[in-house]
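Reading through the structure tokens given below for one structure.
The values are calculated or read from the model by the stated rules, or taken from the named source; none is laboratory data. The structure displayed is predicted, hence computed values, not measured ones. As a convention, Cβ positions derive from the backbone with ideal geometry for all residues, glycine included, and neighbour counts pool all protein chains shown.
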Amino acid sequence: MKFTIVGKNIEELRKKCGIKQKEMIARMQVMGCDINPTSYSKLEGQVRSATDKEIYVISKILGVAMETLFNE
């Protein structure tokens, strides 16, 4: 079962910004998002959906509008 396209977009944007997964997770945790490496990997792999808080925090870290994460 695939969820929304946000995981793929997050991965592409993160890589464009030169941010490693480990660094992304650390930044998310600093911003109050309790996420572990397995959970984050599943998010990018589109195995699980992102919460509204995760979408918000990720968009802030990547410096994009939340809507950008949903673009196909």
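With respect to the conditions (1) surrounded by fewer than 13 Cβ atoms within 10 Å (Cβ to Cβ); (2) farther than 20 Å from Ile5 by Cβ; (3) among the charged types (D, E, K, R), Glu67 lacks only one, and its number is (2).
Can you tell me which residues in segment 32-50 are buried (at least 18 other Cβ atoms within 10 Å of the Cβ) and part of a helix (DSSP H, G or I)? Within segment 32-50, Tyr40, Leu43, Glu44 meet the criteria. The set of residues in segment 51-64 being within 13 Å of Gly7 (Cα to Cα) and surrounded by 14 or more Cβ atoms within 10 Å (Cβ to Cβ) consists of Glu54, Ile55, Ile58, Ser59. Please specify each residue of segment 1-16 satisfying the condition of being under 20 Å from Thr68 (Cβ atoms) and in a loop (DSSP other than H, G, I, E, B). Across segment 1-16, the qualifying residues are Lys2, Phe3, Thr4, Ile5.
Checking the structure you have, find out if any residue of segment 17-36 is under 17 Å from Phe70 (Cα atoms) and not polar (S, T, N, Q). Checked segment 17-36: no residue is under 17 Å from Phe70 (Cα atoms) and not polar (S, T, N, Q). Candidates are the residues of segment 1-40 that are under 20 Å from Glu72 (Cα atoms) and free of Cβ contacts under 8 Å to residues at least 40 places away in the same chain; the one that is farthest from the chain's Cα centre (by Cα) is Met1. Identify all residues within segment 45-60 that are modelled with pLDDT under 95 and under 18 Å from Asn71 (Cβ atoms); write none if there are none. Residues satisfying the conditions are Gln46, Ser49, Ala50, Asp52. Per the conditions (1) modelled with pLDDT of 95 or more; (2) not in a loop (DSSP other than H, G, I, E, B), the sole criterion not satisfied by Val64 is (2).
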